[in-house]
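The structure appears right after this line, and notes come after that.
The values are calculated or read from the model by the stated rules, or taken from the named source; none is laboratory data. If you're wondering where the values come from, they're calculated on a predicted model, not measured in any experiment. Quick reminder, even Gly has a Cβ in these numbers, built from the backbone with ideal geometry, and neighbours come from all protein chains shown.
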Amino acid sequence: MSRAVLVPHTLLCQACGTANSIDQELCVRCHQRLMVISGAPGGEGEPFEGDRDSDFSLDEHLLERVSILEEAVKRTAETVGKLVSAVQKQEKNLLVSQTGFATLRELLERRRLIGREEWSDLWQSKMDYQLQALEKRERFVAVKDRVGALYHGERRKLFQQHLEDAEYALFAFDVERARRSLEQALKLDRDNYELLLFLGETTFNEGDPDAALGYFERVLREKPDQFEALVFSGVICHERGDFTRAEALLKRAIAEYPEAFLPHFSLGAVYASHGDLSRAVAYLERAVELDAVPQALYVLGNCHYEMGRATKAIFCLQEAVRLDPAFEEAHYLLGLAYLDRHWNQKALESFREAQRLNPRRLRYQDLVHFLSGRIGEPLPGLEGAVGKSIARAEEHLGRGEAGEALALYQRALSEEPDNPALLMSYALACLSLEKRDELERAARRVLELNPSEMLRTTASAALIAALRSEGKYREGNRIGRALLADGTSPFARTIAYYEMAYNLAEMEEDLDEALEYARRALDLAPDELKQFPLAALGWVHYKRKEYTQAVDCLARSNELGPSPTTLTHLGMALLASGDEERARGAFGRARSLEPRVGALEERMMECMKDSARLLERVRRRQKR
């Protein structure tokens, strides 16, 4: 009986199965080395056992495998080497470019065409803008296919073109053009909830919650259980004062997504802001279990503190500052909680840390508010239609409607762009809203117009306050020296000395000069301004560890006109001098005048604007 011999006619790739000619060494499709020989049999039956033993060797097979692996490792090593070389070349190119920019800046500074601070500020603002655009681009790329898949109209090609235009605009960091393209796409598909959601999140993060709410409400009409739309709508309704609607939306979000952090945190913060601390604690504790976010720990600690649970408050706040060491309000509230437990040394350390971080925020506004006419006479030159617009803007600011107020200011400025009183009023509105860039531009424009001494002094004080909030003390003192050189009245010189004394005290570099400036400000100050140089003098004494003099000056300042900042400084001086009871009273008065540690809405909005990471976790859970 004859045996049939297997005669191979083709080589089948062991990786992809593609048929290759018998003389091929590498697969024509996947380029793997061909190892398994196979083909159509030439007849019936099995191959000879003897042939199988003679043709197949396990050692040879393993040796060939090792050889292939060695070659693959060699190619990988070569590729990695090329990548390392390219990265090193790119690093060198970046270094050369950076050196060129530094040289250009130095040349422009020498010729007095630009200032170092101006260059740095513009660089930072451009970088922030591009980073935000990059974040939007990544988010859009992630949802673009879903947006396109939802379109079922007859103009798909035009719809896709708008999406492509938006993507190209985001790659060019042109956020406005991208938004216009997406709005055009939305006109072709008004019920596209993915596109509405993206536009809503973008608008919310850019500080226009009213427009964002419109987008989110349209999303909820299409998808009543959409997570982000429920949470964002609830938060915006709360900000607008619609507690019932906010509560209902957030409860729906929790019912749909019980394992999500954001709705628990947001509803807890809503209850806390309305004084319902027991329910707030229940939701916040659940939020912290899901994700220990510093803002949630801070709000929970604040609730425990308000309920008299100092130990639980300390635990939450310690964790908050551990996760975010630059969390000023948490340090401040932790100091108050320590003080309730009579841990005075720890309390003082927390207050000092909060004070060290404090200049990063616009806290020193007392003098500017006095000068702006909020306490004294109104700013001159705001009459007629402009005056009416500003009055309406002030009403909106009083109700917390920042968008409407700024729109009125912008409309008035378009009519009278060089009105120094109008510019100053706008700068003060930006100061209260902590819009530093707009404040600085408006204040500098006022100084360029060379207005009356009153306006020039107010603009200088506002600009110095903004610069101090960014830690730019030397730039602030340059403005102060210019005011001192131009000012002729005791009023202007008082302000200049006061501001420079405060800046020097914060820098802690030349406290002798700071003391001299504060004393000069006090000597020159009219009676209505005495409280401000007294506060500066007391703060300088505190920095010099002269606590008795510090307490005396700060107490006298608060007698003339109490302010949260001065009362906080007085509390720190009293605590450092060992007078715990009076210190607790000073901190309590400061808290009542400015509930800085109770700014729950601010913390909630901050957390919502930083919610991309949290939302991504929800999306991953949904996919699973």
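Return the pairs, sorted by first residue and then second, in which the second residue is crowded, with 18+ Cβ neighbours inside 10 Å, the first residue lies in the stretch 429-453 and is acidic (Asp, Glu), the beta carbons are less than 6 Å apart, and the residues are 6+ apart or on different chains.
Hits for this filter: 434/362; 438/430; 440/466; 453/492.
Out of all the residues in the stretch 489-519, which are polar (S, T, N, Q), more than 34 Å from the chain's Cα centre (by Cα) and buried (at least 20 other Cβ atoms within 10 Å of the Cβ)?
Correct list: 494 only.
Residue by residue through the stretch 132-161, note down the ones that are farther than 10 Å from residue 194 by Cα, at pLDDT 80 or above and not in a helix (DSSP H, G or I).
Answer for the stretch 132-161, where residues must be farther than 10 Å from residue 194 by Cα, at pLDDT 80 or above and not in a helix (DSSP H, G or I): 151, 152, 154, 155.
Would you confirm whether or not the stretch 516-532 contains a residue that is over 25 Å from residue 562 (Cβ atoms) and part of a helix (DSSP H, G or I)?
yes
I need the full set of residues from the stretch 170-200 which are surrounded by fewer than 21 Cβ atoms within 10 Å (Cβ to Cβ), over 17 Å from residue 219 (Cα atoms) and either at pLDDT below 85 or not polar (S, T, N, Q) (or both), in order please.
171, 172, 173, 174, 175, 176, 177, 179, 180
Return yes when residue 528 is surrounded by fewer than 19 Cβ atoms within 10 Å (Cβ to Cβ), closer than 19 Å to residue 593 by Cβ and of a type in the set (Asp, Glu) and no when it is not.
Against the criterion (surrounded by fewer than 19 Cβ atoms within 10 Å (Cβ to Cβ), closer than 19 Å to residue 593 by Cβ and of a type in the set (Asp, Glu)), residue 528 does not qualify.
Has the stretch 220-241 got at least one residue that is under 22 Å from residue 354 (Cβ atoms) and among the aromatic types (Phe, Trp, Tyr)?
Scanning the stretch 220-241 turns up no residue that is under 22 Å from residue 354 (Cβ atoms) and among the aromatic types (Phe, Trp, Tyr).
Please pick out the residue among 247, 319 that is surrounded by fewer than 21 Cβ atoms within 10 Å (Cβ to Cβ), touching a Gly at 6+ places or on another chain (Cβ under 8 Å) and at pLDDT 85 or above.
Sole residue among the options that is surrounded by fewer than 21 Cβ atoms within 10 Å (Cβ to Cβ), touching a Gly at 6+ places or on another chain (Cβ under 8 Å) and at pLDDT 85 or above: 247.
Hey, can you tell me all the residues within the stretch 566-618 that are at pLDDT 60 or above and among the polar types (S, T, N, Q)?
Correct list: 566, 568, 577, 592.
Tell me which residues, restricted to the stretch 236-248, are assigned to a helix (DSSP H, G or I) and under 25 Å from the mean Cα position of the chain (by Cα).
236, 237, 238, 239, 246
Which condition breaks for residue 532 when tested against (1) touching a Phe, Trp or Tyr at 6+ places or on another chain (Cβ under 7 Å); (2) modelled with pLDDT of 90 or more; (3) of a type in the set (Phe, Trp, Tyr)?
Residue 532 satisfies all of (1) touching a Phe, Trp or Tyr at 6+ places or on another chain (Cβ under 7 Å); (2) modelled with pLDDT of 90 or more; (3) of a type in the set (Phe, Trp, Tyr) except (2).
Can you name the residue in the stretch 261-313 that is within 23 Å of residue 242 (Cα to Cα) and part of a loop (DSSP other than H, G, I, E, B) and, of all such residues, is modelled with the highest pLDDT?
Restricting to residues being within 23 Å of residue 242 (Cα to Cα) and part of a loop (DSSP other than H, G, I, E, B), the top hit is 276.
Restricting attention to the stretch 201-240, and to residues there that are in contact (Cβ under 8 Å) with a residue 60 or more places away in the chain and charged (D, E, K, R), which single residue is surrounded by the most Cβ atoms within 10 Å (Cβ to Cβ)?
Among those residues, the one meeting the criterion is 201.
Just to be sure before I move on: is residue 249 free of Cβ contacts under 8 Å to residues at least 40 places away in the same chain, closer than 26 Å to residue 396 by Cβ and touching a helix residue (DSSP H, G or I) at 6+ places or on another chain (Cβ under 7 Å) in the structure I sent?
yes
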